[in-house]
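So the structure is just underneath, and the comments pick up after that.
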Amino acid sequence: MTFQLNGKGKLALAMFSLMALAACDGDDGKDGVAGAQGPAGPQGPAGADGSDGSNGNGGTGSASLMTPGLTRLATVPAGAEVTGAFATENGDLFFNVQHPDSANSATDSEGKTFSHGTVGVLAGVNINQLPKHLVSVGVPDTEQERQTVQVAYGEYQVIAQTMDTFGGAMPEGLGTIMATDKSTVIASSDTPDFNGFVPTGANEGYLFTNWESIPGGMSRLKLNKNASTGYWSVDSNDVQMLDFGIYGTIANCFGSVTPWGTPLTSEEWGNQGDNTHEWNDPSKQTARDALAMYIDPTATDADGASSFPNTYRYHYSVEITEPTSATPVPVKHYTLGRFEHENSIVMPDQKTVYSSQDDTNGVLYKFVADTAGDLSSGTLYGAKVIQDTGSFEPLTTGFNVQWIELAHSDNATIDGWIADFDGITTAEFVAGQSNYLTDADADAWAAGDTNYPSVANGGGSTTAGMAMDDRIAFLESRKAARAKGATAEWRKFEGIYVNQKRAKEAVEGTNLVAGEDVSQAYVYFAIADMDNGMIDNEGDIQLSSRVKDCGGVYRMPLLTGADAYSVNRIEPVVMGSTYRSTLDGALRCDVNALSQPDNVIVLDDGRLVIGEDGFQENNTLWMYDPSVND
């Protein structure tokens with residue numbers, strides 16, 4: 001059967017007229033013609049000054065000047081992030097309401113409340129056909145506006161919300177992560193993130209949505225669009241939470257869809273970052289217990305599970321192959337490196353991939369596959385950036401890029417290296433040592449040593465004394481990149497994206513963008529906040545702290561010719577703006593500028609859609625026109 005979504009909303013319109021009433025009984029003769037105005041009299045004495053008014057409350061900045069080129073397309077309810085922005089070929093814009101305030105109680109025109117994670121679409125409008133000059137939706141003012149989705153154009157249609165069962169077709173509810181026994185609930189996620197739509201025909205297809213939890217998850221919903229009304233429905237005969245196998249995934253964050261039509265989901269947070277040695281430290285609270293209960297639902301912690309979770313089996317980009325089959329097949333691409341993946345984006349050559357690391361002191365990565373359309377083998381690179389000389393203002397400071405080769409390998413080889421760490425438990429932990437790969441291991445590898453260092457020399461116990469190999473490039477990619485000289489200073493490096501049509505036209509000369517000659521295309525990325533390594537006056541990145549926690553968006557011009565789809569330059573595009581609050585003196589982000597941009601997508605006409613994960617009471621889904629400041 002079909003699970004019908006919101007019916008078409010009806011807007012009641014009231015029209016008011018002002019009517020002048022004229023006398024119908026004839027002229028009474030009393031109204032004569034007005035005479036000429038007499039001369040002004042002398043000015044009277046000035047009155048006494050009034051008393052001072054009371055101080056006003058600290059404002060939100062809503063009356064300040066909007067950053068040129070920005071349009072507020074939508075705002076999301078209190079407590080929520082804007083996630084999952086995805087534009088289809090036909091201009092359907094999907095986006096989500098992630099972890100809204102559970103106290104939200106106001107309803108929209110369709111009776112929906114936003115106290116749970118929500119997956120939705122901007123219905124009734126083609127996002128690629130919006131005119132150049134737009135009007136923004138207002139900053140929410142009333143409680144109704146603060147607790148619901150407000151849009152400037154079209155209508156936000158709720159497709160599904162956390163725990164929806166679609167008439168019993170998904171009995172445990174949307175966003176629920178089941179253990180490997182298929183009957184034990186491990187997590188119920190309120191955090192929908194990435195959306196990716198894979199069409200199966202005209203006005204139909206599968207919507208893939210990430211659920212950012214530990215363990216992580218991904219749903220697939222079959223959608224149908226009514227071509228006449230523009231509204232969507234879910235086919236409840238075809239809904240599922242994907243099966244990620246015996247180890248599962250962790251914190252599925254943002255993602256992308258490859259040029260050959262397969263979703264890529266990214267494993268982000270939940271590891272120990274640079275401190276991998278803490279993973280099996282019994283005194284530390286880590287994600288290992290939740291992952292262990294996914295693997296073995298009879299366990300109460302990692303030590304009691306049939307298989308202790310191996311941290312090196314998580315934090316990769318995962319391709320959903322066979323996405324339209326009855327059972328999609330996830331494939332973890334170890335080749336793209338192990339780190340806190342926000343997302344990876346594949347260029348139109350189907351070989352070059354850029355990946356962002358969402359962490360403090362992260363790295364920008366590039367991967368080049370051996371074979372187009374196959375990410376299972378290839379070469380991984382890290383970026384070293386050179387800041388513009390004499391410049392530190394974020395809005396005007398760019399960077400040149402040099403790519404440092406890390407290593408070449410394939411999924412099968414890396415999987416063998418990962419398996420070497422499968423047997424490690426808390427019983428093997430020794431304070432002051434590591435059972436995993438270390439900085440000393442990375443330094444020895446980068447120096448070309450023939451063997452891994454001993455434990456006494458700082459090496460990990462699992463590889464101590466072994467013949468050197470390239471495993472550290474793929475299992476501890478940041479350590480490897482840093483040891484080779486790549487820049488590991490980016491802070492909260494978020495979504496990274498390219499418009500496939502614009503990129504292909506600019507690089508290969510094909511005519512794919514109607515009505516426009518695209519001679520230069522860009523890979524765009526968002527930095528949620530410019531803090532720590534980006535403003536510490538050390539290393540490769542030394543920006544001022546003016547923007548700080550408000551963040552901004554950068555772009556990388558794509559090269560042509562022999563270096564097609566590579567990049568050698570990073571340029572600032574648009575930045576947030578801080579101000580000092582009169583209430584408590586703390587820095588705030590202006591409500592009419594960016595506040596911690598999370599993900600960015602590029603439309604066919606070159607405009608950007610940017611989702612916020614910021615400090616505002618109501619985060620914004622922005623549209624930005626880069627040509628305003630070019």
* Could you please give the count of residues in segment 294-349 that are in contact (Cβ under 8 Å) with a residue 24 or more places away in the chain, of a type in the set (Ser, Thr, Tyr) and more than 21 Å from ILE214 (Cβ to Cβ)? => 4
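What number of residues in segment 439-462 are assigned to a loop (DSSP other than H, G, I, E, B) and β-branched (Val, Ile, Thr)?
Start the filter on segment 439-462 by keeping residues that are assigned to a loop (DSSP other than H, G, I, E, B), which leaves 448-450, 452-454, 458-462.
Cutting the leftovers down to β-branched (Val, Ile, Thr) gives us 450, 462.
Total meeting the criteria: 2.
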* Unmet requirement for VAL513, which otherwise passes all of (1) of a type in the set (Val, Ile, Thr); (2) modelled with pLDDT under 95; (3) more than 29 Å from GLY261 (Cβ to Cβ) -> (3)
* Asked: Can you name the residue in segment 152-207 that is over 21 Å from THR265 (Cα atoms) and among the β-branched types (Val, Ile, Thr) and is also farthest from the chain's Cα centre (by Cα) among such residues?
  -> THR184
* Structure fact -> The number of residues in segment 90-119 that are under 26 Å from ILE601 (Cβ atoms), among the polar types (S, T, N, Q) and outside any loop (DSSP other than H, G, I, E, B) is 3
* Asked: Within segment 421-433, is even one residue modelled with pLDDT of 95 or more, buried (at least 20 other Cβ atoms within 10 Å of the Cβ) and under 28 Å from the mean Cα position of the chain (by Cα)?
  -> no
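Here is a check on your reading of the model: is ASN499 under 30 Å from GLY561 (Cβ atoms) and in contact with a helix residue (DSSP H, G or I) (Cβ under 8 Å, 6 or more places away or on another chain)? Steps first, please.
Numbers: under 30 Å from GLY561 (Cβ atoms): yes; in contact with a helix residue (DSSP H, G or I) (Cβ under 8 Å, 6 or more places away or on another chain): no.
So ASN499 fails the test.
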* Asked: Does THR88 meet the test of being among the polar types (S, T, N, Q), surrounded by 17 or more Cβ atoms within 10 Å (Cβ to Cβ) and under 25 Å from ALA202 (Cβ atoms)?
  -> yes
* Six or more apart or on different chains, Cβ under 7 Å: which pairs go from a residue in segment 355-374 that's closer than 24 Å to GLN596 by Cα and at pLDDT 95 or above to one that's of a type in the set (Lys, Arg) and assigned to a strand (DSSP E or B)? Could you list them? => THR360/ARG491
* Could you grab the pairs with beta carbons closer than 7 Å, sequence gap of 6+ or different chains, first residue in segment 458-476 and over 17 Å from ARG313 (Cβ atoms), second one in a helix (DSSP H, G or I) and of a type in the set (Phe, Trp, Tyr)? => MET468/TRP445
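A quick yes/no check of all residues on (1) assigned to a strand (DSSP E or B); (2) within 12 Å of PRO263 (Cβ to Cβ):
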| residue | (1), (2) |
| --- | --- |
| VAL198 | yes, yes |
| LEU207 | yes, yes |
| PRO215 | no, no |
| SER219 | yes, yes |
| LEU223 | yes, no |
* Asked: Among the residues of segment 556-577, is any surrounded by fewer than 19 Cβ atoms within 10 Å (Cβ to Cβ) and under 19 Å from the mean Cα position of the chain (by Cα)?
  -> no
* strands (runs of 3 or more DSSP E) wholly inside segment 515-618 containing at least 3 residues that are within 19 Å of VAL385 (Cα to Cα) and in contact with a strand residue (DSSP E or B) (Cβ under 6 Å, 6 or more places away or on another chain) -> 522-527, 552-557, 569-575
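Please indicate, with yes or no, whether at least one residue in segment 335-343 is in a helix (DSSP H, G or I) and buried (at least 22 other Cβ atoms within 10 Å of the Cβ).
Yes, the conditions are met somewhere in segment 335-343.
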* **Residues of segment 309-326 satisfying the condition of being out of contact with any Lys or Arg (no Cβ under 7 Å at 6 or more places or on another chain) and either over 28 Å from PHE367 (Cβ atoms) or of a type in the set (Val, Ile, Thr) (or both)** => THR311, ILE320, THR321, THR324, ALA326
* Please verify whether segment 463-475 includes one or more residues that are assigned to a loop (DSSP other than H, G, I, E, B) and within 25 Å of the chain's Cα centre (by Cα). => no
* **Close pairs from segment 550-574: first closer than 15 Å to PHE525 by Cβ and free of Cβ contacts under 8 Å to residues at least 40 places away in the same chain, partner part of a loop (DSSP other than H, G, I, E, B) and among the polar types (S, T, N, Q), Cβ under 7 Å, at least 6 apart** => PRO557/GLN520
* Among ALA483, ALA488, which is among the hydrophobic types (A, V, I, L, M, F, W, C), surrounded by 18 or more Cβ atoms within 10 Å (Cβ to Cβ) and in a helix (DSSP H, G or I)? -> ALA483
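Residue by residue, here is whether (1) within 28 Å of TYR497 (Cα to Cα); (2) not in a loop (DSSP other than H, G, I, E, B) holds:
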| residue | (1), (2) |
| --- | --- |
| VAL239 | yes, yes |
| GLY248 | yes, no |
| SER256 | yes, yes |
| PRO259 | yes, no |
| GLY270 | yes, no |
| THR286 | no, no |
| ALA290 | no, yes |
| VAL318 | yes, yes |
* To do: Quick one: in segment 126-136, of everything that is surrounded by fewer than 19 Cβ atoms within 10 Å (Cβ to Cβ) and under 23 Å from the mean Cα position of the chain (by Cα), which residue is nearest to PRO77 (Cα to Cα)?
  => SER136
* Asked: Which residues, taken from segment 235-276, are within 20 Å of ASP598 (Cβ to Cβ), of a type in the set (A, V, I, L, M, F, W, C) and surrounded by fewer than 21 Cβ atoms within 10 Å (Cβ to Cβ)?
  -> TRP269
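Can you go through ALA326, ALA305, ALA372, ALA299 and tell me which one is aliphatic (A, V, I, L, M) and surrounded by 21 or more Cβ atoms within 10 Å (Cβ to Cβ)?
Details: ALA326 fails: surrounded by 21 or more Cβ atoms within 10 Å (Cβ to Cβ); ALA372 fails: surrounded by 21 or more Cβ atoms within 10 Å (Cβ to Cβ); ALA299 fails: surrounded by 21 or more Cβ atoms within 10 Å (Cβ to Cβ).
Selected residue: ALA305, the only one of ALA326, ALA305, ALA372, ALA299 that is aliphatic (A, V, I, L, M) and surrounded by 21 or more Cβ atoms within 10 Å (Cβ to Cβ).
The values are calculated or read from the model by the stated rules, or taken from the named source; none is laboratory data. The model shown is predicted, which means the values in this text are computed figures rather than measured ones. Positions of Cβ are generated from backbone atoms using ideal geometry, with glycine treated the same way; all protein chains shown enter the neighbour counts.
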